[in-house]
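K.L.:
Sharing a structure below in structure tokens format, with a few things to ask.
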Amino acid sequence: MSRIDDLIAELCPNGVEFIPLAELFDLKNGYTPSKSDPSLWRDGTVPWFRMEDLRVNGGILDAALQRISDQAVKGGRLFPANSLLVATSATIGEHMLVTVPHLSNQRFTSLALKPGFIARLDMKFAYYYGFVLDEWCRNNTTISSFASVDMAGFRKFRFPLPPLEVQRETVRILDQFTALEAELEAEL
């Protein structure tokens, strides 16, 4: 047995709790400010994420390639720091963890932890489990003029909520694998 198996046996002998995505996270869609109004894009201070950010800078981000002005923010509300952005249309099966307040384009759905779960879910664990969610998204799409995720099913997707000690050990191990992979890739 691994250390994670030992922790699960000790801390949750009846199994890991799974919670529907919509009960765990507030879900919001991104949007693109009008390109015909240059003031929305000039001297921006608000990070505005899109797929290119993920492709250029990786999956855990604290800065965006583009910024929008405060006037471009609908209702003055940003997506909170430590939210997952999941591609739910067009390029499906990608996600990122954004560690600063931000907005994104309409291809992403923001998953921000509901207040009752902030002390129960490590967002880096959520980021790693996001790869399982990505696979679910790729397998559950509808196609009209472009591909999009079945959002009714997305809201019901069951997300694991093991004890924090299990989450942190999982993150530690996956961080080590990620670092090793990056080191091997650099050497190649």
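K.L.:
Whole Å is fine, so just give me how far the alpha carbon centre of segment 156-188 lies from that of segment 80-138.
P.N.:
That distance is 15 Å.
K.L.:
Another question about this same structure. Rounded to the nearest percent, how much of the accessible area of segment 1-140 (1.4 Å probe, protein heavy atoms only) is carbon and sulfur?
P.N.:
Accessible surface attributable to carbon and sulfur in segment 1-140 totals 49 percent.
K.L.:
Additional query: Among the GluC sites (Glu not before Pro) in segment 1-108, which ones are in a DSSP loop with at most 15 other Cβ atoms within 10 Å of the Cβ? Mind listing them?
P.N.:
Here the sparse-neighbourhood loop sites are E17.
K.L.:
Okay, next question. When only DSSP loop residues count, what trypsin sites (Lys or Arg not before Pro) in segment 53-83 have their Cβ near at most 13 other Cβ atoms within 10 Å?
P.N.:
Loop-located and lightly packed - R77.
K.L.:
If I take R0 = 35 Å and measure r between the Cβ atoms of S2 and K156 in this structure, what FRET efficiency does the formula 1/(1 + (r/R0)^6) give, to the nearest 0.05?
P.N.:
For S2 and K156, the calculated efficiency is 0.75.
K.L.:
What percent do you get for the relative contact order of segment 1-124 when only Cα pairs under 8 Å and 6+ apart count?
P.N.:
With pairs under 8 Å counted, the relative contact order is 30 percent.
K.L.:
I've got another one for you. State, to one decimal in nm, how far the label point of T178 lies from the label point of V16, with both points 7 Å from Cα in the Cβ direction.
P.N.:
Between T178 and V16, the label points sit 1.6 nm apart.
The values are calculated or read from the model by the stated rules, or taken from the named source; none is laboratory data. Because the structure is a prediction, the values reported are computed rather than measured. Glycine also receives a Cβ, built like all others from the backbone with ideal geometry; neighbour counts cover every protein chain displayed. Calculation scope for accessible area: heavy atoms of the full protein, side chains included, ligands and nucleic acids excluded. Shrake-Rupley method; radii C 1.70, N 1.55, O 1.52, S 1.80 Å.
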